[in-house]
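Note sheet for the following structure.
The values are calculated or read from the model by the stated rules, or taken from the named source; none is laboratory data. Worth saying up front: this structure is predicted, and the values here are computed from it rather than measured. Glycine gets a Cβ as well: all are built from the backbone with ideal geometry, and neighbour counts include every protein chain shown. The protein model used for the area step is the full one, side chains on, heavy atoms only, and it has no ligands, DNA or RNA in it. Shrake-Rupley method; radii C 1.70, N 1.55, O 1.52, S 1.80 Å.
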Amino acid sequence: MAEQVSIDKNSFHNRLSSLITQWKADKRSGNNVFGDVGSITVAMGKSDETQAFHKANALQFWLLGYEFPATLFLITLETMYIITTKKKAAYLEPLKGGKTPVEIIVRGKDADENAKQFERCLETIKAAGKKVGVLTKELSSGPFVNEWKMAFSEISKEVEEVEIGPALSSVMAVKDENELRAIRNASVASSHTMSDYFVEYMSDVLDKDKKITHKALTDKIASKIDDEKFFKWKKAPQNFDTMQLDWSVQPTVMSGGNFDLKLSSDPDDNNLHAGVIIAALGLRYQTYASMIARTYLVDPNKNQESMYKLLLAVHDAVIKEMRDGIQAKDVYNKAISIIKSKKPELVERFTKAVGAAIGIESRDSTLVLNAKSTRILKDGMTFSVTTGFTALDNPNPQDKKRDAKYALMLSDTVRINPQGVNEAFVFTRDAPTDMESTSFFFNEEDEEEKPKPKPKKDSRVGAVASSNITKTRLRGQGGTTQNEEKEAARRDHQKDLHRKKQHEGEEKYGEGHGNLNGTAEKKFKRFESYKRDSQFPSKVKDLMVLVDPKNNSIILPIMGRPVPFHINTVKNATTSQEGGFCYLRINLLSPGQGVGRKDDQPFEDPTAQFIRSLTFRSQDASRMEDVRDQMTEMKKAAVRKEQEKKDMEDVVEQDKLVEIRNRRPHRLDNIFVRPAVESKRVSGAVEIHQNGLRYHHMGNQKIDILFGNVKHLFFQPCVGELIVIIHVHLHNPIMIGKKKTKDVQFYREATEMQFDETGNRKRKHRYGDEEEFEAEQEEKRRRAQLDKEFRNFAEKIADAGKGEGLAVDMPFRDLGFNGVPSRSSVTIQPTTDCLVQLTEPPFMVITLTDIEVVHLERVQFGLKNFDMVVVFKDFTRPPAHINTIPVESLDGVKDWLDSVDIPFSEGPLNLNWATIMKTVIADPHTFFKDGGWSFLATDSDSEGDDDEDEESEFGVSEEDLGSEASSEEESDFDDDASAEASEEEVSDDDEGEDWDEMERKAAKKDRDGGNDDEEKKITKKKPSKR
């Protein structure tokens, strides 16, 4: 046993020191958390496996990593006392000699000696202060705890007991790196169990119409924890130990109308029912818990789908709201506000809390996300986020007894990210929650088969003649070319795509859907220059204008006192000369002053008065100008710092790269990287490791790219290019030097730089075409070898990252076209999943699945170029512009867009996309209700309609064709005249006119126009009538 119990001394003292440091800080700041206690006592009784984790054993696990029954912790600001038995004391002995003194008191069988030990503890408590922190709602029991309570009752009148649970919760709520790793491992294992075992087994049961009770299914899931092979799957975390797994939340499966979202009741003996199925479970790894719950819909109706989409929207909004510095009640209120805006009647049926802190305890009752909690969320905290609706009415139940009422529930384990990151990180994201993944349809054969529409009869063809038609075209449509057919088919396909896009928009942005950016209330910004007057520079005594760059402040003498102003309150400073004095004017920012939206600031207090400017004069003009220059530079630095902070908001710190140790990693040498690490052009090497790539540059410098952060991997050969490329497009940007980038490119030049066109030695022996031909062949061989080497390396990267779904994508050069996405004209090429430009920075990678619609601008006769605008599904993302595309590429671009099912439109003008997207973001529901993107296709559609109208106006009826055929030999009109007559005369009558009428009209028109030449061409002989 002694060899098995090993307590981490460093971890123990770091955590104990953290507790005492926060305790002391709370005493200085008003005793809001610890309640001014002088000591803390936590007694642990006998071990009981039936009891869940609580504060007493959670504190032991947090400090020691083990549970020590019959042990008392007494903690003061100076020392920690541990009263325990001799055997346990042996394990605790190594803890002595750390940051905080630890005294171990060994209990024996002598009752008198034990009583003296407790008396000594009581004296220590009284000496520490009049208040002692205890766990009043403690669940521990046993002889040891009873003995301690009896001893403590002797001084209960002398000291005041304070509930210390919330204070311990606040200390243990913020997790360190090891704790976060344990919770992540537990969450990943829970997601794996849910998505790869439960879902597969459940769908198999329902598909084969098997019978299994909720209890039997729950037991089957619970027994899966012993399947060591199952928990060694491809995505298992590094060094994952299956022996450390335990259940924190026993598996629960509910269906058939009996739902308990509190998970307090045991599974019943009813059979699994194909309807709404809720499954919940939670695995514990190294004593740290996780929680996951999912709702699966079997053959759902429209009402159930809309309810689930609402819950999903609420769940996602809650996770996005969970940020560092937010109050717990604000998270709950966010969920309620969304429900009120969409379906206010469901507020009463929503859960009373949207989660609680999770760690060693599977649910920390002192840190709950409800409407009353004022606890502040901090970076490093972990929560189980649970949202759900209960007792929902099903308007169209398949089984009136079991489907009339249903519930919905989602639960995830998340971590609060640092400030600047917009939302919490979801540890259980591997188990999807989207509608497509959680819906199952087994009764497709019951759906009514739609009757096939009968083929429409052509009104121009009789019943007998219709059987003789053997082509897709009638003779009357003989003028239709193959290109026109292709255009018509493309137009029909595009109409279908636009219709589908409109339907998706209307479904996604239902009634009551607000601004996509939210309605964030502007707040009056506050800045602090100095916390106390002792921090002022010593020169303030001189009552002069001072610039303090260290504290980003200026100090101005006003009414005989130095008054500090933060640089962010200053708009600008100017100087002017007048009457022998130099005037320094300092303009300050104030509400209502700015004319633009960026300058506008809200009034915090309507009665407040603001200073807009201050003017100082001095005869020392050079000093005034020097002060002005210092203020201007400090203002620029503050603006630059703010912009850098804003730019860094979406940069996420990657996990550490796990290097390959047992063998030499695959390596590609003599490689250059873009963006460059430094200005010098020096090559490096790329290596493939267990979970990512590493680029070595100039010795110690390196760039790590994890496979989990790679969104796309491209290989571009050197055909038609000067370089061969492996390009990596990332999910989240990383820092390379001081640059933020989402694209990292490894390349090598395909040309031989050492080749000298004029001074090569070979030119002395070979002349003319022979040498040129040999050089050309050598160039081809070198390029082919380069392509092969890079392609093989790219495939090795994809193979190493196949667990993250990596695959090599390659541009289709034949489908490429020239355009200007940034500054210069480059070749833009489609790939299987993207539209890319990888040759010149800034690179362009547009994922096809991110595209909402594409609009082609400046498409009109006479122009040599047109522009392409790509609108993304994320409307808050600015549209991408590709300008100056040659008009020769128009058909190719249209064909490609149509082939990848992207709806596009075209128009003659450039549109103001900033205004358009602002309108869409402000109210997407109204936008789609009013027709969505149909306004883009108005011009192109109207042109198409005109073409159709022209064809119908000039179409020739069957009778006309018959008349022409019968009188062809006797007609005195030559081909030109016939063509002119058919172009000039338009008949609106379906039956057509006879030849006499047509000839009369032609002669009249010729007379009116004075066209004598045409009269000579017409002979007097009329065609015979039949």
(request) Round to a whole angstrom and tell me the spacing of the C-alpha centers of segment 658-716 and segment 795-859. (result) 22 Å
(message) For a quick check of understanding: with a 1.4 angstrom probe and all protein chains in place, what accessible area in square angstrom does H731 have, to the nearest ten?
(response) 90 Å²
(request) Using θ = phi - 60° and the Karplus relation 6.51 cos²θ - 1.76 cosθ + 1.60, list the HN-Hα couplings for segment 890-902 in order, rounded to whole Hz, with x at every Gly or Pro. (result) 4, 5, x, 5, 4, 4, 5, 4, 5, 5, 9, 6, 9
(request) Please calculate the 1.4 Å probe accessible area of E154, with all protein chains present, and give it to the nearest 10 Å². (result) 130 Å²
(message) Using the basic label-point model (7 angstrom from Cα toward the beta carbon), what is the D814 to D850 distance in nanometres?
(response) 2.8 nm
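Filter the chymotrypsin sites (Phe, Trp or Tyr not before Pro) in segment 272-373 down to the DSSP loop ones having no more than 12 other Cβ atoms within 10 Å, then list what survives. Don't skip to the end; give the middle numbers.
Numbers: sites: Y285, Y288, Y296, Y308, Y332, F350; in loops: none.
Here no chymotrypsin sites (Phe, Trp or Tyr not before Pro) fit, given the DSSP loop and packing criteria.
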(message) Amide H of S248 versus every other amide H placed in the peptide plane: which residues, excluding those fewer than 5 positions away on the same chain, fall under 5 Å?
(response) G282, L283, R284, S290
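So how do F259, F773, F872 rank on accessible area, 1.4 Å probe, biggest first, that is with the largest at the start? Each step should come with its number before you reach the end.
Working: F259 40, F773 125, F872 5 Å².
I get F773, F259, F872, largest accessible area first.
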(request) Take every Cα pair under 8 Å in segment 765-889 that's 6+ residues apart, average their separations, divide by the length, and report that relative contact order as a whole percent. (result) 16 percent
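So which trypsin sites (Lys or Arg not before Pro) in segment 840-897 pass both tests, a DSSP loop state and at most 16 other Cβ atoms within 10 Å of the Cβ? Spell out each step's value before the answer.
Working: sites: R858, K864, K873, K894; in loops: R858, K864, K873.
Those that pass, being in a loop and sparsely packed, are K864, K873.
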(request) Taking amide H positions as placed in the peptide plane 1.01 Å from N, state which residues far from Q398 in sequence (5 or more) or on other chains have amide H under 5 Å from it. (result) none
(message) Taking a virtual spin label 7 Å from the Cα of L588 along the C-beta vector, which residues in segment 625-659 bring their backbone nitrogen under 18 Å of it?
(response) 628, 631-632, 635
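Expressed in nm to one decimal, what extension gain is obtained for the pair F610 and V651 from 0.36 nm per residue of sequence separation less their Cα-Cα distance?
Values: separation 41, 0.36 × 41 = 14.76 nm, distance 3.77 nm.
Net length gain for the segment: 11.0 nm.
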(request) Kindly give Rg over Rh for segment 9-172, based on alpha-carbon atoms, with the Kirkwood expression for the hydrodynamic radius. (result) 0.93
(request) Please give the contour-minus-distance gain from M150 to K224: 0.36 nm per residue of separation, less the Cα-Cα distance, rounded to one decimal in nm. (result) 22.1 nm
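How much net charge surrounds K235 when only other residues with a Cβ under 10 Å from its Cβ are counted (Lys, Arg +1; Asp, Glu -1)? List each step's numbers first, then the result.
Numbers: positive: K234; negative: D196, D430, E804.
The answer is -2.
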(message) Can you give me the distance in nm between label points at K636 and T213, each placed 7 Å from the Cα along the Cα-to-Cβ direction?
(response) 7.9 nm
(request) Report the extension gain between K864 and T21 in nm, rounded to one decimal, defined as 0.36 nm multiplied by the number of residues separating them, less their alpha carbon distance. (result) 296.3 nm
(request) Sorted from largest down, give the three principal axis spans of the alpha carbons of segment 177-440, whole angstrom values. (result) 49, 48, 30
(message) At R0 = 25 Å, how high is the FRET efficiency between K137 and S11 if r is their beta carbon distance? Nearest 0.05 is fine.
(response) 0.35
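Between the DSSP loop rule and a limit of at most 16 other Cβ atoms within 10 Å, which trypsin sites (Lys or Arg not before Pro) in segment 122-152 are left?
Details: sites: K126, K130, K131, K137, K149; in loops: K130, K137.
Qualifying residues, ordered by number: K130, K137.
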(request) Assign unit charges at the C-beta atoms only (+1 for Lys and Arg, -1 for Asp and Glu), then state the dipole size of segment 1-155 relative to its Cα centre in Debye, rounded to the nearest 20. (result) 400 debye
(message) So, R0 is 25 Å and r is the distance between the beta-carbons of D399 and D204; what FRET efficiency does that work out to, to 0.05?
(response) 0.70
(message) Could you report the accessible area of T849 in Å², rounded to 10, computed with a 1.4 Å probe on the protein chains as they sit in the structure?
(response) 100 Å²
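If packing is taken as the mean number of other Cβ atoms within 10 Å per residue, what is the order of 361-372, 552-563, highest first?
Numbers: 361-372: 19.7, 552-563: 15.7.
Descending mean neighbour count gives 361-372, 552-563.
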(message) I want to check the label-to-label distance for F773 and F441. Put each point 7 Å from Cα in the C-beta direction and report it in nm to one decimal.
(response) 6.5 nm
(message) So, for segment 812-935, what is the accessible surface per residue at a probe of 1.4 Å, expressed in square angstrom?
(response) 45 Å²
